[in-house]
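The values are calculated or read from the model by the stated rules, or taken from the named source; none is laboratory data. It should be emphasised that the depicted structure is a prediction, and the values quoted were computed from it without experimental measurement. No Cβ is skipped: glycine too gets one built from the backbone with ideal geometry, and neighbour counts run over all protein chains shown.
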Amino acid sequence: MVKYSADMPAFFATHHAGVPERLGFALKPAQKLMETMQLAQNAAVVVHNPSNMFYLTGGYTGEGVVYISRKTQAIITDFRYTEQAGRQAPDFRCVMVEKGLNHDQWVAKLAHGENVTMLYYEDDYLTVKAFDALRAAVGEGADWQPLAQKPEKLREIKTEAEAHCIREACRITAEAFVKMLPEIHEGMTEKQLAIRLDFLQLELGAQCNSFDTICASGENGSLPHAIPGERKVRKGDLITFDFGCKVGGYCSDMTRTVALGEPSAEMRRVYDTVLEAQRMGREALAPGKSCFEIDKLVRDYIDSQGYAGRFGHGLGHAVGIDIHENPRLSTGCHDVVEVGHVLTVEPGIYIPGLGGVRIEDTCLVTESGNDPLTGAAPKELIIL
């Protein structure tokens, strides 16, 4: 048990590091993709997913389409984003949509101009309607091949620059949590608490939230993805906060559960069980381990404590440009953990009508195990 201390925020004063304006990849992602795919001279990759566009261009955040071939790496966009593309992705040619040609027709023009006959498309992202329009614009004779999440696979292992952004986002998230603790008092609504966390993260240097903040109090704690509402927190409540922010385009993700006054003995036992489960998961997270096995270790422990069926989601997920990436610590993922993965460890117990507890850290996998990037925020039960 930890009583809130006014000294807690002092820790963060010496833990502020600058974030590079642009991600400095040793081997540019677009080049790495071409080499990984062994992209032929007559082939090109067409990218629509904004997260993959951001990754492959080294930071472009606008709208449009990215076209990558051995001869051309281009961003096809409109007037609103041409200057932005030049600033964020100076190594890419910027093609402005004009003269009656839409994005798909510009893909066709580039492909025809380079005698490209094989085109890779994002089969897991494009709708049938969008793919049909793209295919019609290019015309007959093109050999269409699924990209099969090859950019997403490259994104799984974080570079030093990417890890730096995630580390900084996690620092902000942890600091925002500690700064908010003395402000929590009986009568505040879940929505007010969530808004305050959002503001603190922005004030501390975040770009934006990495997802909609979750604040669940009392009986609402049994909802893993509760939407903060007008319920007022009261003495005896456990309050779960699940939140994060972005820095340099990369996400943080952290969950902490605190008590407003002394919780019931039953909820105290739930908390202690989740805390031990989270510790076990964190200690098990290491290179060479199976994602399935780590999840099973924690799940079996929670079941053994009498809470079978009350931990209904995966133990964790990768974090990066998107808040949920692969691999996953879950019953359905048999991937092997590797150095450079950034994964959450977030067990929870949820009891309808009573409440719930979840505790989560974002962890960078290292040669010796993992570094809990959100570990500066205390996890022992804080009673306010």
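For the reader, a short list of remarks on this structure follows.
- Single unsatisfied condition, residue 332 versus (1) closer than 30 Å to residue 56 by Cα; (2) part of a strand (DSSP E or B): (2)
Per-residue answers, yes or no, for (1) surrounded by fewer than 19 Cβ atoms within 10 Å (Cβ to Cβ); (2) β-branched (Val, Ile, Thr):
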site: 302; (1), (2): no, yes
site: 319; (1), (2): no, yes
site: 324; (1), (2): yes, no
site: 332; (1), (2): yes, no
site: 343; (1), (2): no, no
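- On the stretch given as region 179-192, residues that are surrounded by fewer than 22 Cβ atoms within 10 Å (Cβ to Cβ) and either modelled with pLDDT under 95 or in a helix (DSSP H, G or I) (or both) total 7.
- Restricted to region 250-270, and to residues there that are buried (at least 24 other Cβ atoms within 10 Å of the Cβ) and either hydroxyl-bearing (Ser, Thr, Tyr) or under 23 Å from residue 155 (Cβ atoms) (or both), the residue that is farthest from the chain's Cα centre (by Cα) is 257.
- Screening residue 175 on (1) touching a residue at least 12 places away in the same chain (Cβ under 8 Å); (2) under 30 Å from residue 110 (Cβ atoms); (3) in a helix (DSSP H, G or I) shows it passes everything except condition (2).
- Within region 139-155, the set of residues being in contact with a strand residue (DSSP E or B) (Cβ under 6 Å, 6 or more places away or on another chain) and either surrounded by 18 or more Cβ atoms within 10 Å (Cβ to Cβ) or among the aliphatic types (A, V, I, L, M) (or both) comprises 142, 147.
- Taken over region 94-125, the criterion of being more than 22 Å from residue 83 (Cα to Cα) and surrounded by 18 or more Cβ atoms within 10 Å (Cβ to Cβ) is satisfied by 108, 111, 116, 119, 120, 121, 122.
- Any chance residue 202 is surrounded by fewer than 18 Cβ atoms within 10 Å (Cβ to Cβ) and either under 24 Å from the mean Cα position of the chain (by Cα) or closer than 17 Å to residue 355 by Cβ (or both): yes
- Every residue from region 178-205 that is out of contact with any strand residue (DSSP E or B) (no Cβ under 9 Å at 6 or more places or on another chain) and touching a residue at least 40 places away in the same chain (Cβ under 8 Å): 178, 179, 182
- Extreme residue, farthest from the chain's Cα centre (by Cα), among residues of region 271-299 that are more than 13 Å from residue 316 (Cβ to Cβ) and part of a loop (DSSP other than H, G, I, E, B): 288
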